[in-house]
1. Restricting attention to segment 76-105, which residues are surrounded by 22 or more Cβ atoms within 10 Å (Cβ to Cβ) and over 20 Å from A53 (Cβ atoms)?
2. Any idea which residue in segment 86-124 is nearest to A72 (Cα to Cα), counting only those that are touching a residue at least 60 places away in the same chain (Cβ under 8 Å) and either out of contact with any Phe, Trp or Tyr (no Cβ under 8 Å at 6 or more places or on another chain) or of a type in the set (A, V, I, L, M) (or both)?
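What follows draws every value from the coordinates through simple rules; no lab data is involved. In this text, all values refer to a predicted model and were calculated from it rather than measured experimentally. Cβ placement follows ideal geometry from the backbone for every residue including glycine, while neighbour counts extend to all protein chains displayed.
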Amino acid sequence: MRKRSAARTLWVPVLLVLLAGSLTTTLASSSGGGSRSGGSEQSSADTGERDEADLMYARGMELVAEGKYEDALGRFEKAHKKRKKDPEILNMLAYTQRKIGKLEDAFENYQKALKLEPEFPQAREYLGEAHIQAALLQVEILRGYGPAGKEELDELVAALQRAAETLSAEAFADPAAKTGGDW
């Protein structure tokens, strides 16, 4: 339990830095710095929807920074209704879904974001974190099986440990040291 809360504590400053950068980008684009989804000739109705989507997105980002994921989810859902093909909105929609435990929805929306923008580092990171969250959920479920799930629990934990070793500083620095793993 202590290790898990310590790991979460380490991610909070990193997350806040990432969110601050995203919020700055969003606020710059909504204040005349250009649109995120392109198209210079827009009707006033399109512009109104774009502005509303930007406002919903910005408010969602504020709520995420406050740790209010349920409320943020609602804002990202509204922004998504206005702009269905915005990878940034899809990414944060998925992020908040993941944070409240809606992993299947999150996986689907991360994939949609990555289909629209294949080289989207933040979405790739968050998708990876969703897979880790899903694996840890399976660890908890197997623990609940007691002795009947002990062998499988041990195998899953060993696979997670091998994955962590693959990502150690030495293995990361030397691509030849990567083992590929059996997980």
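1. Matches in segment 76-105: R98 only.
2. Of everything passing the filter in segment 86-124, M92 is nearest to A72 (Cα to Cα).
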